[in-house]
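Derivation of every value follows stated rules applied to the coordinates shown; laboratory data play no part. Remember, predicted model here, so these are calculated numbers, not experimental data. Every residue, glycine as well, gets a Cβ built from its backbone with ideal geometry; the counts of neighbours run over all protein chains shown.
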Amino acid sequence: MKKCSFLLAFLLLGCFATQAQEPGALELLALIDNDSDRNAELLQALDENWGNEAAFPLVDLLRIGTDAQLYAQITSLLSKKAGRPMREYDEMLQWSWSLEPAYFSDYADFKGELYRHIDPRFRLYFFGRQKNAQIRLDEIVWGGVGQDGIPPLRDPTMIAADEGDYLAANDVVFGVEINGDARAYPKRILAWHEFFDDVIGGVRIAGVYCTLCGTVIAYDCTANGVIHDLGTSGFLYRSNKLMYDKATQSLWNTIDGVPVVGPLAERDIQLNVHPVVTTTWGEWKALHPDTKVLSLDTGHERNYDEGAAYRSYFGTDDLMFPVPLTDRRLRNKAEVFIIRTDGFAADPLAMSIDWLRRRRLHMDSIGGERVVVLAESSGAARAYAAGEHQFFSYKKGVLKDTQGRLWELSEQQLTGPGGETLERLPAHNTFWFAWYNMYPETRLVK
């Protein structure tokens, strides 16, 4: 009651946006007490002394499932301030994103106190962490589950290829090879877990699968000599899952592999990426007969049939969560191929998988580094450094340069007839909408 009275006194005095000591976002938590008369007074005072900073916590309140009356009251107020009727949470969220991110000084604390009602661990993500946030706090949206609410696979059981008889040849797998250790992670399993923590070729890897944005990225868990124990936070940024680390509960951007909120956000931390190829079980097994593959014995009861997970989501071009940016050069969920050279962030490049499937060979440059991309008829794509070499054709697994010389392919490198080598580059697939919302200035090849 004290918080409510404190807020109401300030609001009714007209001091909401004009006094040096404003009540702040935390005081708006009083609205969830469901006192309808009091809430009406508070929202009326907000209306009469409006500042756009109030929009962000109000939209957050809608996300956690307020009662119908409070939802209608907040919706009415936000519609009035937007100058147009809005009924759905997504509409109000996107309108708030169009505002300048001018927050109450305790907005992050508000998010922590609000979302701890969902999971007490959520408070740690936000409380006291406003000043070091590297992304817009209002764009951090609850994804509907608790911390690791989608159960990760940690040190999962792997089996030999000939034991993977539950897989059909055309089932989608995500293939990773490190130091000669080849492993396949079937989409039909990983879609239910969205994260695996495994040791591949002696390297501890965090395999992050954001089903919403259609990407698996294999991160080296070790950065600057520190092993980061990562997991699924339960929150999204631009419809892309945010990771967290267990030691500091900092939030991490999945696409970039960097901490963005919390004590690690201001440190120079960048996780290294290993190549991931999205291919079929038949293709991967033919190339790697000694591969290991995930066992169906995950310790969880799920329907691991091909296509069972996220069937309706993958079956349309609609998004489950809104994003601030849209680009219609490709469908939202059209797959694009992303190469992660050292200079990719300054010169981002996306290549349509459908285009690569038809083209089979493409040469380009990223940040001044020449690259060559080779694609199979299935759409499986791999990228290699090109150096000064110029390649001419890639057909039926045979790569020729412009001098007619044949090159050998492996997961690690290209090897020329004279023994020269070109290294494999880290790369992965993702949905177009997800990449564009992180890198709207990207060059698109389609």
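Going through region 126-210, which GluC sites (Glu not before Pro) have at most 11 other Cβ atoms within 10 Å and a DSSP loop state?
Passing both the DSSP loop test and the Cβ count: no residue.
Among V336, Q403, L425, whose Cα sits farthest toward the positive end of the charge dipole of region 325-445 (+1 at Cβ of Lys/Arg, -1 at Cβ of Asp/Glu, about the Cα centre)?
V336
Pairs K111/K446; K333/K400; K292/K396; K80/K241: which exceed 30 Å Cα-Cα?
From K111/K446; K333/K400; K292/K396; K80/K241, over 30 Å: K111/K446; K333/K400; K80/K241.
Taking the Cα centre of the chain as origin, sum charge times position over the Cβ atoms of Lys and Arg (+1) and Asp and Glu (-1), and report the length of that vector in debye to the nearest 20.
Magnitude of the dipole: close to 960 debye.
Please list, in order, the residues from region 319-345 whose amide nitrogen is less than 19 Å from a point placed 7 Å along the Cα→Cβ vector of A82.
From region 319-345, the list is 319-326.
When the Debye formula is applied to the Cα atoms of the chain, each taken as the same point scatterer, what base-10 log of I(q)/I(0) results at q = 0.13 Å⁻¹?
-1.15
Say a paramagnetic label sat at a point 7 Å from the Cα of R311, along Cα to Cβ; which residues of region 204-232 have their backbone N under 19 Å from it?
211-212
Evaluate the distance, in nm, between pseudo-label points positioned 7 Å from the Cα of D90 and of Q412 along their respective Cα→Cβ axes.
Roughly 4.7 nm, to one decimal.
So, R0 is 56 Å and r is the distance between the beta-carbons of V398 and S98; what FRET efficiency does that work out to, to 0.05?
0.60
Stretched out fully, how many nm does the piece from N303 to E41 gain, at 0.36 nm a residue minus the Cα gap?
89.3 nm
On full extension of the chain, what length is gained from D165 through D327, given 0.36 nm per residue of separation minus the C-alpha to C-alpha distance?
54.2 nm
Taking only the C-alpha atoms, wrap a convex hull around region 325-445 and report its volume per residue in Å³ as a whole number.
94
Taking the Cα centre of region 311-417 as origin and charging only Cβ (+1 Lys, Arg; -1 Asp, Glu), how large is the dipole, in debye to the nearest 20?
So the dipole magnitude of region 311-417 works out to roughly 480 debye.
Go ahead and estimate [θ] at 222 nm for the chain from helices alone: -39,500 (n - 2.57) per DSSP H run with n ≥ 4, summed, over the residue count, rounded to 500.
-6000 deg cm²/dmol
Between region 48-77 and region 111-165, what is the separation of their alpha carbon centroids in Å?
About 25 Å separates the Cα centre of region 48-77 from the one of region 111-165.
Starting at the first residue of region 317-333, write each ³J(HN,Hα) from the Karplus equation 6.51 cos²θ - 1.76 cosθ + 1.60 with θ = phi - 60°, in whole Hz, x for Gly and Pro.
Whole-Hz 3J(HN,Hα) from phi for region 317-333: 9, 6, 9, 7, 10, x, 10, x, 10, 9, 9, 8, 5, 9, 4, 3, 9.
How much FRET efficiency would the formula 1/(1 + (r/R0)^6) give for A68 and Q134, where r is the Cβ-Cβ distance and R0 is 35 Å, rounded to 0.05?
Computed FRET efficiency for A68 and Q134 comes out at 0.45.
Express in nm, to one decimal, how much length is gained between V145 and R116 on full extension, taking 0.36 nm for each residue of separation and deducting their alpha carbon distance.
Gain on stretching V145 to R116: 9.2 nm.
Measure nothing fancy, just the Cα-based angle from helix 68-82's long axis to the longest principal axis of the chain, in degrees from 0 to 90, nearest 10.
80
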